[in-house]
1. Going by the conditions given, is Leu65 in contact (Cβ under 8 Å) with a residue 24 or more places away in the chain and crowded, with 22+ Cβ neighbours inside 10 Å?
2. Consider Pro51 carefully, then state whether it is out of contact with any helix residue (DSSP H, G or I) (no Cβ under 8 Å at 6 or more places or on another chain), closer than 21 Å to Ala191 by Cα, surrounded by fewer than 24 Cβ atoms within 10 Å (Cβ to Cβ) and at pLDDT 80 or above.
3. Filter the range 31-45 down to residues that are surrounded by fewer than 18 Cβ atoms within 10 Å (Cβ to Cβ) and touching a residue at least 60 places away in the same chain (Cβ under 8 Å) and give me whichever is nearest to Trp183 (Cα to Cα).
4. Which one of these does Trp116 not meet: (1) closer than 29 Å to Gly253 by Cα; (2) aromatic (Phe, Trp, Tyr); (3) at pLDDT below 75?
5. Examine the range 207-230 for a residue that is closer than 30 Å to Ser5 by Cβ and without any contact (Cβ under 8 Å) to a residue 60 or more places away in the chain, and state whether such a residue exists.
6. Go over the candidates Phe224, Phe241, Phe212, Phe230 one by one and state the one that is under 29 Å from Val34 (Cβ atoms), surrounded by 20 or more Cβ atoms within 10 Å (Cβ to Cβ) and under 18 Å from the mean Cα position of the chain (by Cα).
7. Take Val271 and tell me if it is surrounded by fewer than 20 Cβ atoms within 10 Å (Cβ to Cβ) and at pLDDT 75 or above.
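The values are calculated or read from the model by the stated rules, or taken from the named source; none is laboratory data. Bear in mind that the values here come from a model prediction, so they are computed numbers and not experimental data. Note that we place each Cβ from the backbone using ideal geometry, even for glycine, and neighbour counts take in every protein chain shown.
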Amino acid sequence: MKPKSAALSGILCMLIAVGLWTGHDAASKWLTAVYPVLVVLFWRNVFALIPAGFLVLRAGRLQPLPPRLRLVCWLRGMGGAFAYGTFVFALPLMPLADTIAVGQVGPIMIIVLSGWLLKERLDRASWIAVIIAFAATLYIVRPGGEIPLLGAALLLGATTLYAFMMVLTRYIGGQVDGVTLNWHTSCATLATMTLGIPIAFAWPAPGDLLLFVLVGLITGLANFFMIQAFRLAPAPTVAPFEYSAVLWAMLLGLLIWGDVPSCSVTGGAAVLAASGIFIMRRESLIRKRSRTTV
């Protein structure tokens with residue numbers, strides 16, 4: 001695929017993934033008001049195997065993997081279980097828009113980790129933007145602010161794990177196709193979530209079964225489109241489009257729960273978005289200049 005076509009496809013996959021994940025977060029927040037978080041996490045991953053399995057059937061087969069790559073895929077899935085699990089634990093503690101706003105430090109973490117692990121170095125201006133973004137995050141979650149300290153800690157931990165996952169996706173994306181990576185991730189995530197069954201387990205009530213299935217289907221599809229986004233295009237190209245989640249979260253939070261985001265949350269999220277877009281646009285320009293000088 002040509003670089004321009006791959007970039008556009010990656011952006012489209014990211015927009016679809018962000019829309020699906022925001023819907024997933026809203027539905028999960030609704031369910032955690034009735035069911036223990038571990039129960040919601042288990043059943044969402046059971047039903048997430050449905051779209052993952054359908055994609056395998058549609059592809060006709062799984063890509064044969066050597067033990068090393070299969071282990072990496074499963075480690076990615078286990079990391080995803082802890083990342084998304086920690087995030088869902090934070091959902092009942094605060095409004096949806098506040099939760100998503102703190103999570104917007106994720107794309108910037110991805111860029112920083114890409115520079116560290118994939119040797120994609122940042123220049124001085126980009127590092128200044130990273131520091132500003134970090135300050136904005138501290139402002140959103142500051143002691144005495146609207147966001148509880150436990151919720152902020154859970155969210156930042158989940159976001160850090162998520163960033164490592166996406167960098168790992170980019171690292172192995174050229175070696176493992178999206179369908180195979182999504183299947184192994186889904187299986188590893190479900191296997192990890194079964195560890196919570198002795199602590200909390202419940203069957204979905206008939207009236208809630210459809211919502212559980214919907215959350216699972218969204219999880220499977222969102223995982224696939226997110227994997228595809230980072231496989232098809234560089235992180236600085238697709239990551240800025242994650243910021244559209246803030247708008248979706250504010251809209252859903254207002255319509256479903258009547259939550260109105262505070263000025264500190266909206267202001268901090270705006271600074272995060274601006275910093276992230278600046279970093280990614282600057283890195284894109286640097287790569288273009290380096291190609292023209294070769």
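1. No: the conditions fail for Leu65.
2. In short, no.
3. In the first step, residues of the range 31-45 are kept if they are surrounded by fewer than 18 Cβ atoms within 10 Å (Cβ to Cβ); the result is 33-34, 36.
Of the ones still in play, those that are also touching a residue at least 60 places away in the same chain (Cβ under 8 Å) are 34, 36.
Details: Val34: 29, Pro36: 26 Å.
My answer is Pro36.
4. Here Trp116 meets the rest and fails (1).
5. Yes, that holds for at least one residue.
6. It is Phe224.
7. Yes; evaluated as a whole, the condition is true for this residue.
One line per residue, one yes/no per condition, for (1) at positive phi; (2) touching a helix residue (DSSP H, G or I) at 6+ places or on another chain (Cβ under 6 Å); (3) of a type outside the set (A, V, I, L, M, F, W, C); (4) at pLDDT below 85:
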residue: Ile147; (1), (2), (3), (4): no, yes, no, yes
residue: Thr169; (1), (2), (3), (4): no, yes, yes, yes
residue: Ala205; (1), (2), (3), (4): no, no, no, no
residue: Leu221; (1), (2), (3), (4): no, yes, no, no
